[in-house]
1. For region 583-608, name all the residues that are of a type outside the set (K, R) and over 21 Å from the mean Cα position of the chain (by Cα).
2. Specify the residue that is nearest to the ligand (Cβ to nearest atom); the eligible residues are those in region 497-534 that are open to solvent by 30 Å² or more (accessible area, probe 1.4 Å) and small (G, A, S).
3. How many residues, within region 583-604, are assigned to a strand (DSSP E or B) and either crowded, with 24+ Cβ neighbours inside 10 Å or touching a His at 6+ places or on another chain (Cβ under 8 Å) (or both)?
4. Would you point out the residue of region 453-472, among those that are in contact with a strand residue (DSSP E or B) (Cβ under 8 Å, 6 or more places away or on another chain) and away from the ligand (no atom under 16 Å from the Cβ), that is most open to solvent (accessible area, probe 1.4 Å)?
5. Could you please let me know if E152 is open to solvent by 20 Å² or more (accessible area, probe 1.4 Å) and assigned to a loop (DSSP other than H, G, I, E, B)?
6. Hey, can you tell me all the residues within region 261-272 that are touching a strand residue (DSSP E or B) at 6+ places or on another chain (Cβ under 9 Å) and either at pLDDT below 95 or open to solvent by 60 Å² or more (accessible area, probe 1.4 Å) (or both)?
7. Yes or no: region 353-361 includes at least one residue that is under 16 Å from T236 (Cα atoms), in contact with a strand residue (DSSP E or B) (Cβ under 8 Å, 6 or more places away or on another chain) and among the charged types (D, E, K, R).
8. Got a sec? Which of A64, A111 is farther than 30 Å from V227 by Cβ and surrounded by fewer than 20 Cβ atoms within 10 Å (Cβ to Cβ)?
Amino acid sequence: MSVPGSSAVLRVLWLLSVFGTVLPLDGGMLFPRESTSREVKELNGLWDFRPDGSLNRNEGFEKAWYKRRLAETGPVIEMPVPASYNDITQDPTLRDFIGWVWYEREVFVPARWISDEGTRVVLRVGSAHYYSIVWVNGEKVTEHEGGHLPFEAEISSLIRRDPTKPCRITIAVNNTLTLETLPPGTIQYMNDRTRYPDGFFVQNIYFDFFNYAGIHRPVLLYTTPTVYVDDIIVETNFMDNTGLVRYKVSVQGAATATLKVTLMDKDGHCVASSNTPSGVLKVVDVKLWWPYLMHENPGYLYSMEVHLIAVSETSTYEDVYTLPVGIRTVNVTKTQFLINNKPFYFHGVNKHEDSDIRGKGLDWPLIVKDFNLIKWLGANSFRTSHYPYAEEILQMCDRHGIVVIDECPGVGIKDIRSFGNASLSHHLVVMDELVRRDKNHPSVVMWSVANEPASEMPPAEFYFKTLIKHTKALDHTRPVTYITDSNYARDKGAPFVDVVCVNSYFSWYHDPGHLEVIPIQLNAQFENWYGKYKKPIIQSEYGADALPGLHMDPPMMFTEEYQNALLQSYHDVFDQKRKQYVIGELIWNFADFMTAQAIHRVVGNKKGIFTRQRQPKAAAFILRRRYWRLANETWRLPPWTKYPCSL
Ligand code: BDP
């Protein structure tokens, strides 16, 4: 990659360190939903776009591109939002670009939003990678560090200054990763002029997926009244037939307000209500939230309607927000994972937000297709490897009963310098943001704070002890884990996790081609981890690359036969251990996905059981047969399941 001189990236890093100060979380940032008091206006579509290709990557700031229309300060191209920008054009320098890119869009704000002083207008970005600064009509309104999570800014007073003009939104996004970002990365300059052109540098990353960048999730304007429901926290439980919904509503904009909280069933009948800001709602004859294939009516959701009225001397404010609520419990014993007090076995997948052309951009056809494939497969769960997925995806999980291990972007923490105070404080803030966003999803049953960190390094002990304690303090209702591939005897964080999640690639990265080692090595892995920690274990990754259509018998690596044989050897061991303390198996990976270019990657990682275009490899059928059998064996699926009889 040929990019500008060293000051370029230094400037980028300087900006990161200046803007990267830790700000306390303000506001509950409930998912924007329409109601009788709230409106939503999507700003998805084509935005003007320009990468800052200047030598120091800083021209946009030097020339204040946010002050005028982007098209007035240089050439622009059309860029779809949401989407990663990398694969949209034919330009390899944009695909591999490091530094600031600029997005701009003008929007007409409905006149009523402007004229009604009792209306609060908020600009929300679902996620952008990784560092974002936002201006409205040339004025900075917010900045945010980190991808995968939403951020927002109230812009009511700004748009009222000149109601006749359209509102110009400028978003600058920088994808540079440092030792203190999540995920971490480093910039490496290549100064040997006999080998590299002037100013040559690379972004080193320690994770195995393409470092897509841009505005990845919807950008919205939404309204609330100026007195509004800012946050709702629910925790659920049940005793015998009675569901218990403990709730807390936070209000902003007024010291006092009258609240009415109503819990409704699917048919819209009120099953419990209250008029206090916090309390416990009791639901008689409760319908619990059950995972897919564990019950004939999985993913049952009640609706909690919060109705607020506040009266000031001059006005009356009314706000309505409706939150889906699934009533269920989660508990962990030494050998089991319990949902609603029944043992739950994770038979699921690891995924990525990844597809052709749009990269990590939210895409409804892809999301719905993936859910159809998950259900076809008989999978009951997935892990959001290796970062939080879109809220829209978690809402689908809630509705369909797909159980989620919710992972933060703590992937590739390999360098000892990424265990320092600055990294830890940022990681704590990311967990704050993640728990704030996902706390009310019944589908989310466990937090994962990292994937394959260098957890054998001495500082990992303090780091993970602090991180896990912090996460438990944020949410005492869910277990916390991180995903390890380290040595069971030397892993520093394992004493603090509730569930041990282990990744292993026997007969792939170790002893390649020797399938016969799997029974011995996998058995030893389980016995060692369980023997030392006495905690239930999930095989959180296992798998093999397979190029679709490549065949060999006897099997050889990279063929569909080898992928099948490897999976089946793992399954034999799972079948012995799941009767004891193994509580789940998650295949790596649901679908092929893009990675950085490397000698061990042939246009991406091919460990998918589906291709990147979501067509099945032979392994998908092996897994399908297994998952439906597992579900049937555990729950003796009655006819309601549409159990594929031919399996
Ligand atoms: C695991 C990583 C995952 C990789 C996988 C692989 O957690 O992100 O994609 O290896 O190499 O160790 O396929």
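1. Let us first name the residues in region 583-608 that are of a type outside the set (K, R), namely 583-600, 602-605, 608.
Correct list: I583, Q597, A598, I599, H600, V602, V603.
2. The residue in question is G513.
3. Quick first cut of region 583-604, residues assigned to a strand (DSSP E or B) only: 583-587, 591, 593, 598, 601.
In the following step, the residues that additionally are either crowded, with 24+ Cβ neighbours inside 10 Å or touching a His at 6+ places or on another chain (Cβ under 8 Å) (or both) were identified as 583-587, 591, 593.
Residues meeting the conditions: 7.
4. Residues of region 453-472 that are in contact with a strand residue (DSSP E or B) (Cβ under 8 Å, 6 or more places away or on another chain), as a first pass: 453, 455, 464, 467-468, 471-472.
Those still in the list that are away from the ligand (no atom under 16 Å from the Cβ) too: 464, 467-468, 471-472.
Details: F464: 0, L467: 0, I468: 3, T471: 0, K472: 71 Å².
Here the residue is K472.
5. Working: open to solvent by 20 Å² or more (accessible area, probe 1.4 Å): yes; assigned to a loop (DSSP other than H, G, I, E, B): no.
Judged against the criteria, E152 is not a match.
6. Within region 261-272, K266, C270 qualify.
7. From region 353-361, those under 16 Å from T236 (Cα atoms) are none; that's our starting set.
The answer is no, given that none of the residues of region 353-361 is under 16 Å from T236 (Cα atoms), in contact with a strand residue (DSSP E or B) (Cβ under 8 Å, 6 or more places away or on another chain) and among the charged types (D, E, K, R).
8. Numbers: A111 fails: farther than 30 Å from V227 by Cβ.
Testing whether each residue is farther than 30 Å from V227 by Cβ and surrounded by fewer than 20 Cβ atoms within 10 Å (Cβ to Cβ) leaves just A64.
The values are calculated or read from the model by the stated rules, or taken from the named source; none is laboratory data. Computed from a predicted model, the values in this text were never measured in an experiment. FYI the Cβ positions are ideal-geometry reconstructions off the backbone, even for glycines, and counts take in every protein chain you see. Quick note on the areas: whole protein, heavy atoms, side chains included, nothing else; ligands and nucleic acids left out. Shrake-Rupley method; radii C 1.70, N 1.55, O 1.52, S 1.80 Å.
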